[in-house]
Amino acid sequence: MTQNNNTTYEGTLLVRGKGIGFVSIPDHEEDIVIPTESLNFGLDGDRVEIELLDPRAAHAARAGKKPGERQEGRVVRVIEPARSEFVGLVEMKPTPTSGSGGKENWRLLPDNRRIHIRPVLPEATDTHKGMKVVVTIDAWQNPHVDPVGSITEVLGPAGNHETEMQAIIRSGGFSENFPEHIARAGQELYEQREDIFTKAIEDTKGDNPRRRDMRHAPTCTIDPADAKDFDDAISLELLENGHVSVGIHIADVSHYVQDGDDIDMEARERGTSIYLVDRVIPMLPEVLSNDLCSLRPHEDRLAFSAVFEMNEKGEIFDEWYGQTIIHSDKRFSYEEAQTVLDNQDGEMLTELNSIMTISRALRKQRYKNGAIAFEQPEVRFELDDDGKPIRAYTKVRTETMLMIEDLMLLANRKVAEYVHQLSKKHNHEAAFVYRIHDEPNQERIEDLATFLHALGHEFKTHQGIVSSKEINKMLKGIEGKPEEELIKTATIRSMAKAIYTTKNIGHFGLAFKFYTHFTSPIRRYPDLMVHRMLRRHLDQSPISKKELTKYENLSAQSSEREMTAVRAERDSIKYKQVEYMQGKVDQEFDGTVTGVTDWGVYVEDKESRAEGMVRLASIKGDYYEHDAKKYRIKGQRTGRTLSLGADVRIKLVRADMEERQLDFELVEKKKK
């Protein structure tokens, strides 16, 4: 195989399976495959420079042709490592490695299974066995030989709740604590709050006020019962013409955190708040996120607001955007607001009724326009004092959750549209940070269609092209069926990932031509950028190309941090699911078949949504084979089949905390 040494590309290396890498590059529809032997010193998440192998195949790929094999590449160098430390379990491996000081058998098994190296730990001792540790790399001379590392911190014994949560946090490159100078800067801002509010009130006065005083408007927050940071508040006023004024008020973080200051630089690195099963790791110091910036009830607070004159059909007659002072009259949980609406009795009933009517109209119109209904159940845990899960359940989605979501979507869409219109009016480039969602890859859509047809569902595509309305039609048709969640998951996986960028292409999943993230600057860095850029547009202050490049780079960084945070959140859920099931070995459950392979079927417990494997060899009474085209297994003698989406009765036979895996066996359902 020849190498193309003339052209190189930059991208983020993603390592999957048994050490196979993938890099997405421009002008190639498919990711470039990096074989294990070509990873060089590249690790999962690293920013790397690659070169393509076999330039003839590269030319064919760009021309839209399909060569015999997928395009392969080689990592030339690592531009920016994704991590400086590795977290995992100290284990003993007998394979010797040169240069390990005679203790070559102690190694690190990284918690992140996408890390394909197993660093040698020369200084490890028996006291480290079974411990979760933090390791840095000291020497790595040969990419085909594992590196040598040092233990810099012992997190604690594997299996301990706090140890495992800290391991998840550190594996993602996050930190629960803020550096001392950041915490101090947050405290200094808090101590200046009286002067800040005095000046903000002055900004509401004069002929051309910079800030609007909206403390008179009936205002509330509606959030989860355990929420501590309140990003958004809603106000509603009845107007004389029969319309209503709906205010969507967002914490004015940009007033406190200035571009490039210490707190801002820390927020950039974090990129987002992280929500694990038992804690929140905030993007901003808690004195800001839970107090000064948070739209707490019965206190004056600074906000950045979108205010709409509307009717109850959701039609907009006027809009205004700018900084405000608000005063929240009531803090509702979702359940409390739902109870007021259900019983038609309670505080702010008139306002809640009107807001709900508007939100239903907005939702109906959004789905009519082709927005995809992707709501999926979320797993929650009840933990004891030691962090052990004593209950796993699916969070119930109230309509008040949908109501707030509808209003946040409205604000995000209209802010993006307004910046576009304002830029067009003043003949400026629409410099902005957008939340985009590309059209799905045609090959993945064809695979989805094949999958759906095998399950007996109609799904119309045209050479891999499908409309969001057709996807919605399909999702509507599977509502209430056993395979509903399975198909939703498969559909989501066939979609492109939503990302942040300054280059707008619209949002396929929401069917919006313009969309941004404006509504959560306490917990998402892109929203903070959006607030700053919106203020610049309102002030008619042009954003230079150099600044736009900075915003594009920060958008890409934020997208990557978001994906890392999502992985950490999922890892914490997966760990708690396995831990919850660990005490239930030999118990039976109702499950659903979620995957079919040559070696077994994946099943999911309906209550905890914990997934595990039923191995083909464990199924008694017949020899089963994988029927890949029909997504099922079939018994050779009996002809009995078990298909994707089928309801099954299962017994848990093994719960492996280290591998975070569950093994089940099928149980014959008792005849009634």
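The values are calculated or read from the model by the stated rules, or taken from the named source; none is laboratory data. Since this is a predicted model, take the numbers as computed values, not measurements. For neighbour counting, all protein chains shown are included, and Cβ atoms are generated from backbone atoms with ideal geometry for every residue, glycine included.
Can F514 be described as under 30 Å from S273 (Cβ atoms) and more than 17 Å from the chain's Cα centre (by Cα)? It is true that F514 is under 30 Å from S273 (Cβ atoms) and more than 17 Å from the chain's Cα centre (by Cα).
Rundown of residues vs (1) of a type in the set (V, I, T); (2) touching a residue at least 40 places away in the same chain (Cβ under 8 Å), yes/no style:
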position: P389; (1), (2): no, yes
position: T400; (1), (2): yes, yes
position: E429; (1), (2): no, yes
position: F432; (1), (2): no, yes
position: D438; (1), (2): no, yes
position: E470; (1), (2): no, no
position: L475; (1), (2): no, yes
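The condition of being assigned to a strand (DSSP E or B) and in contact (Cβ under 8 Å) with a residue 60 or more places away in the chain holds for only one of L666, L662, L642, that being L662. Touching a residue at least 60 places away in the same chain (Cβ under 8 Å) and in contact with a Phe, Trp or Tyr (Cβ under 9 Å, 6 or more places away or on another chain): does that describe T204? In short, no. Just name the residue that is modelled with the highest pLDDT out of those in segment 467-496 that are charged (D, E, K, R) and part of a loop (DSSP other than H, G, I, E, B). This residue is E479.
For segment 260-274, filtered to residues that are surrounded by 15 or more Cβ atoms within 10 Å (Cβ to Cβ) and either assigned to a helix (DSSP H, G or I) or modelled with pLDDT under 95 (or both), the residue that is farthest from the chain's Cα centre (by Cα) is D262.
Looking at R609, R637, R654, just one residue is outside the structural domain of K388 (by TED's automatic domain parsing) and either assigned to a helix (DSSP H, G or I) or at pLDDT 95 or above (or both), and that residue is R654.
Only one of the listed residues (I182, I201, I151) is more than 30 Å from Y334 (Cβ to Cβ), touching an Asp or Glu at 6+ places or on another chain (Cβ under 6 Å) and of a type outside the set (G, A, S). That residue is I182. The set of residues in segment 114-133 that are β-branched (V, I, T) and within 20 Å of R170 (Cα to Cα) comprises I115, I117, V120, V133.
Taking the numbered list (1) assigned to a loop (DSSP other than H, G, I, E, B); (2) free of Cβ contacts under 8 Å to residues at least 24 places away in the same chain in turn, E153 passes all entries but (1). Scanning segment 229-237 turns up one or more residues that are assigned to a strand (DSSP E or B), free of Cβ contacts under 8 Å to residues at least 40 places away in the same chain and within 21 Å of T400 (Cα to Cα). Within segment 612-630, the only residue that satisfies the criterion of being assigned to a loop (DSSP other than H, G, I, E, B) and surrounded by 18 or more Cβ atoms within 10 Å (Cβ to Cβ) is I619. Looking across segment 244-259, the residues that are buried (at least 18 other Cβ atoms within 10 Å of the Cβ) and closer than 19 Å to F304 by Cβ come down to V246, G247, I248, H249, I250, A251, D252, V253, S254, H255, Y256, V257. Checked against (1) in contact (Cβ under 8 Å) with a residue 24 or more places away in the chain; (2) among the β-branched types (V, I, T); (3) in a helix (DSSP H, G or I), T221 passes all but condition (3).
Checking S559, S544, S572, S555 one by one, the residue that is farther than 30 Å from E665 by Cα and in contact with a helix residue (DSSP H, G or I) (Cβ under 7 Å, 6 or more places away or on another chain) is S555 and no other.
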